[in-house]
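These notes are about the structure you will find just below.
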């Protein structure tokens, strides 16, 4: 069940004041380039959730730690996840047409490091290091995660080095666990201020 490539979207900036004529950044006076290093340094200030995205199907089973995720819509329920196109997981998600977005709990740091390929204690990308259930799509849902969103791909947007997968949520599992967060290259937990 491969993902239909005709639904891949590429963005072109359309200036509303220019009657739909596509313009490049230099025509808009925005030709100053921000370096990747400056961008990454600034983004270290963002607090992001930590998730493991899984997929399973004809292209194989993969899991990958990601921090670029978000809800998109409640009607219909949609989530998005950004995956670097150089990873095997990106190609598998695209081909399988499904993924599960597992929002990690504060107790799952070692698992986050394992599926990022940099664990000092667990085998990298090792599904046997945690308990999983099989989702409706066949992708793995992590037991004990804050939430697992089992999805079929709705659309794909190619942006820079990454593919943005928009997933239509077909099943959800939730717990009351405290979410794991990431900021300034460190894991932390989200806690209420009051």
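The values are calculated or read from the model by the stated rules, or taken from the named source; none is laboratory data. The model shown is predicted, which means the values in this text are computed figures rather than measured ones. Every residue, glycine as well, gets a Cβ built from its backbone with ideal geometry; the counts of neighbours run over all protein chains shown.
Structure notes:
- Tally of residues being farther than 15 Å from residue 157 by Cα, touching a residue at least 40 places away in the same chain (Cβ under 8 Å) and in contact with a helix residue (DSSP H, G or I) (Cβ under 9 Å, 6 or more places away or on another chain) across the stretch 60-95: 5
- Criterion: farther than 21 Å from residue 58 by Cα and assigned to a strand (DSSP E or B) - qualifying residue of 148, 124: 148
- Residue within the stretch 78-89 that is in contact with a strand residue (DSSP E or B) (Cβ under 7 Å, 6 or more places away or on another chain), over 17 Å from residue 49 (Cα atoms) and buried (at least 21 other Cβ atoms within 10 Å of the Cβ) present: yes
- Odd one out for residue 16, checked against (1) more than 30 Å from residue 123 (Cβ to Cβ); (2) at pLDDT below 90; (3) touching a strand residue (DSSP E or B) at 6+ places or on another chain (Cβ under 8 Å): (3)
- Unique residue being touching a helix residue (DSSP H, G or I) at 6+ places or on another chain (Cβ under 9 Å), crowded, with 22+ Cβ neighbours inside 10 Å, within 20 Å of residue 70 (Cβ to Cβ) and touching a residue at least 60 places away in the same chain (Cβ under 8 Å) when the list is 187, 165: 165
- For the stretch 96-103, the criterion of being part of a loop (DSSP other than H, G, I, E, B) and in contact (Cβ under 8 Å) with a residue 24 or more places away in the chain is satisfied by at least one residue.
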